[in-house]
Amino acid sequence: MDTKKTEQTLADKPRSILIAGYSAGLGSALERRFAQAGYEIITVARQHEATIHCDLTDAKASAELFARLDQTSAPLAGVIHNAMEFLRLPLLETSAQQMESVWRSMVLTAFNLTQQAVPRLIQQGGGSMLFSGASGSLRAGAGFAAFSSAKFALRGLVQALAREHGQDGIHAAHIVIDGLIRTEKTAIRFADARSDSMIDPEALADQYFQLFHQAPSVWSQEIDIRPQDTRQQQGVRS
């Protein structure tokens, strides 16, 4: 990929990127990487440091958000779905409300986002939609019934999206992040994990950027990313 050519093209035709589920760590690294290339960045979350606060589990609120962005932002180039609700709890101690909450946070947000973004991207001639997965997207460990079942569902949604709308110019890709991302929150949640065996968020954001700009003849529908040394993470991955 010719990064300079990409940045020059963006300078001529400003486009926007929507990052859903934005928070410090990967979210802010993605914001910096895509802004460096000239994109207008729209960050969305229910809370945290996002520029727009919106509950993407609400279909009406999602539609209103995109209608507003149609009037205030550059044409959409693509979206990155990074919404997650982490829950590690034994199956018999997980309530139905917790199960539903995790599913809504990771699957329903992606569904509502997709329904709004796809028609707009098709109108613009296509675009990329990237969805963040996890180790639990491929295998479910003890204590991860809610988390992994939602991640499995997200992976299936992305596969269906890719097959249904690839012909319309929509590059849908699922990124299996098979490891811990080096952030302050991770350091607190997994206090025993070594920082030097975690995934660097800036390097990870660069992988997203490259995937976002793949040529149509070589689109990846799914990639998996892990750090070189995974030994310290065997006890914490789902």
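Condition check ((1) touching a Lys or Arg at 6+ places or on another chain (Cβ under 8 Å); (2) among the hydroxyl-bearing types (Ser, Thr, Tyr)) across all residues:
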residue: Ser95; (1), (2): no, yes
residue: Glu100; (1), (2): no, no
residue: Ala110; (1), (2): no, no
residue: Leu113; (1), (2): no, no
residue: Pro119; (1), (2): no, no
residue: Gln123; (1), (2): no, no
residue: Met129; (1), (2): no, no
residue: Gly133; (1), (2): yes, no
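Taken over the range 5-24, residues that are at pLDDT 60 or above, on the phi < 0 side of the Ramachandran plot and open to solvent by 10 Å² or more (accessible area, probe 1.4 Å) amount to 7. Of the residues that sit in the range 71-93 and are surrounded by 15 or more Cβ atoms within 10 Å (Cβ to Cβ) and β-branched (Val, Ile, Thr), which one is nearest to Phe144 (Cα to Cα)? My answer is Ile80. Answer yes or no: is there a residue in the range 97-119 that is among the aromatic types (Phe, Trp, Tyr) and in a helix (DSSP H, G or I). Among the residues of the range 97-119, at least one is among the aromatic types (Phe, Trp, Tyr) and in a helix (DSSP H, G or I), which makes the answer yes.
Restricting attention to the range 149-156, does a residue exist that is modelled with pLDDT of 95 or more and over 20 Å from Leu130 (Cβ atoms)? There is at least one residue in the range 149-156 that is modelled with pLDDT of 95 or more and over 20 Å from Leu130 (Cβ atoms). Restricting the range 133-157 to residues that are outside any helix (DSSP H, G or I) and in contact with a helix residue (DSSP H, G or I) (Cβ under 7 Å, 6 or more places away or on another chain), the residue that is nearest to Ala215 (Cα to Cα) is Gly133. Every condition in (1) modelled with pLDDT under 80; (2) of a type in the set (Gly, Ala, Ser); (3) open to solvent by 30 Å² or more (accessible area, probe 1.4 Å); (4) over 26 Å from Ser149 (Cα atoms) is met by Ala187 except one, and the failing one is (4). On inspection, Glu40 passes the criterion of being open to solvent by less than 70 Å² (accessible area, probe 1.4 Å) and farther than 19 Å from His171 by Cβ. Of everything listed in (1) modelled with pLDDT of 90 or more; (2) outside any loop (DSSP other than H, G, I, E, B); (3) open to solvent by 40 Å² or more (accessible area, probe 1.4 Å), the single unmet condition for Tyr208 is (3). Among the conditions (1) modelled with pLDDT under 95; (2) under 18 Å from the mean Cα position of the chain (by Cα), Ala160 misses just one, which is (1). Within the range 203-217, residues that are within 15 Å of Pro227 (Cα to Cα) reach partners that are surrounded by 17 or more Cβ atoms within 10 Å (Cβ to Cβ) and of a type in the set (Gly, Ala, Ser) with beta carbons closer than 9 Å, at six or more positions or on different chains, in the pairs Ala203/Ala29; Leu204/Ala29; Ala205/Ser28; Ala205/Ala29; Asp206/Ala29. If the condition is being surrounded by fewer than 19 Cβ atoms within 10 Å (Cβ to Cβ) and either assigned to a strand (DSSP E or B) or at positive phi (or both), then the range 158-176 contributes only Gly169.
The values are calculated or read from the model by the stated rules, or taken from the named source; none is laboratory data. As the structure is a computational prediction, the values presented were derived from the model and not from experiment. Glycine gets a Cβ as well: all are built from the backbone with ideal geometry, and neighbour counts include every protein chain shown. The protein model used for the area step is the full one, side chains on, heavy atoms only, and it has no ligands, DNA or RNA in it. Shrake-Rupley method; radii C 1.70, N 1.55, O 1.52, S 1.80 Å.
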